[in-house]
Amino acid sequence: MKKYLHTYITLSLFLSFSSFAQFDGIPTGSGYYINKLIPSPSGGDLSAEYIEIRGTANEIIPSDLYLIVIEGDGESGSLGKVTEAISLGDGTRSFGSNGVFAIVSNYQELGTSTTFTNGYAALIDQAATVLVIELSGTDSDGDRNDSGDVSTKTPDIGYDGNLSDGTATYMLVSSTSNPKNVRIDGATTAEADGIIDNTGDHTSWTLYDSYSFLDDDGNEYAYGQIIFVEDSAILGTINTTTSATVVNFDIISEPTMVLRQGTNTGYTIASDWVAACKGSGGGPQWQFSGTGGNVQPDAFVGWDDLYLYYGKVNPTALTLSVSDFSSNGILAYPNPTEGMVHISGKESVDAIRVFNISGQLIKEVTNTNALDLTSQRSGLYMIEIEDKGKTSVSKLIKR
């Protein structure tokens, strides 16, 4: 069942991954990944942001594992410095039985007793582990968008409900001490050049995952392994290492959602990441923009089923690109479905098979024209219908 971490598991042993490989002087490892981040939702951020990390199923999250934010705005006095460090493990928290760990927050406005409850918790897959952060504050500007509005955080893991917007780098690292305020580029902002220094506290970290996104303010700095750029006009003023992959969006605002595709672990945009601007719809039922260029890769343009994937592995571009039934007069309906799926145009077909997004066969029935998916979790599936030697494949959404 879903684990809300207000109680504790007594296990304290954990494994730490390490590697001799490096990214710009920071040793790299494997096993932990940024699965989803929504750092810039519409309206007030407090209670509307979303963090999701992927690891090994049921593994205790290492106490030295942090999600950190490094400032990249050239106009900021904190350029090249870790401005936020979220402590993911405490020796008791664990990844869910599907390997997913999610963080959400609620916000109570002091003085008025108004509570803003996050909308994600009710949609998160029950196999995931969920940590709920209870925030409270004065909401001085009325939009729940400023971390200065937060006076208490329970538990206090370094997360105030307001991740950096605009130009920033997100890294998943292990560090023997809290990395907040560590500079990875220059001793001062004036000395920053966009290249991670080869000396300093950060050279003892292990880097598991990272990305940057840059707005169009001008002089921008990025330290991630992959970099999403808002506007090609600023490509000449990006300060970064040649080791990074730079992906240009040519859009009117920075990406507000970043997801990993499936169980991929690399850093090339086509096969590993999804970055998108919000389209229509409110949170948490965000709909990706329907305009090409505002979403990478194109297979996710206009995608409106994100809400089916909180607390689980994301779909891939390949999965979303599978065409609908195109021949033989066969139609699977309703789609989306609450459970029962019927095949029109046939009294029965030879076989109906259903696969999850990883390609695993989860159900097969023969000599029928109906399928019961009531017991399956919400999400995207592939349905294959075989009849008289012909096979048709289509996407199927289970709500």
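Listing for the model above:
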| quantity | calculated |
| --- | --- |
| Approximate spin-label separation Asp156-Ala270, in nm, with each point projected 7 Å along Cα-to-Cβ | 4.9 |
| Net charge contributed by nearby residues that have their C-beta within less than 9 Å of Ile103 (K/R +1, D/E -1) | -2 |
| Helix-only mean residue ellipticity at 222 nm for the chain, each DSSP H run of n ≥ 4 adding -39500 (n - 2.57), per residue, nearest 500 | -500 deg cm²/dmol |
| Translational D in µm²/s for the stretch 322-398 (Stokes-Einstein at 25 °C, 0.890 mPa s, Kirkwood Rh from C-alpha pairs) | 201 |
| Total lysine pairs whose alpha carbons fall under 16 Å of each other in the chain (8 or more apart, or interchain) | 10 |
| The stretch 296-315-the stretch 136-204 distance, computed between alpha-carbon centres (Å) | 27 |
| Table column - 3J(HN,Hα) (Hz), the stretch 119-125, Karplus curve with 6.51, -1.76, 1.60, x for Gly and Pro | x, 7, 3, 6, 9, 5, 4 |
| J(HN,Hα) series, the stretch 360-367, from Karplus relation 6.51 cos²θ - 1.76 cosθ + 1.60, nearest Hz, glycine and proline x | 7, 6, 10, 7, 9, 10, 10, 6 |
| Using θ = phi - 60° and Karplus 6.51 cos²θ - 1.76 cosθ + 1.60, couplings along the stretch 201-208 (whole Hz; Gly, Pro as x) | 4, 5, 6, 9, 6, 10, 9, 9 |
| Dimensionless Rg/Rh of the chain - Kirkwood Rh, Rg from C-alpha atoms | 1.00 |
| Packing rank of 348-357, 373-382, where each peptide gets the mean count of other beta carbons within 10 Å, highest leading | 348-357, 373-382 |
| Pairwise FRET efficiency - Glu338 versus Glu384, Cβ, R0 = 22 Å, nearest 0.05 | 0.60 |
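Laboratory data are not the source of any read-out in this text; all were calculated from the coordinates shown. Since we're looking at a predicted model, the values are computed, not measured. No Cβ is skipped: glycine too gets one built from the backbone with ideal geometry, and neighbour counts run over all protein chains shown.
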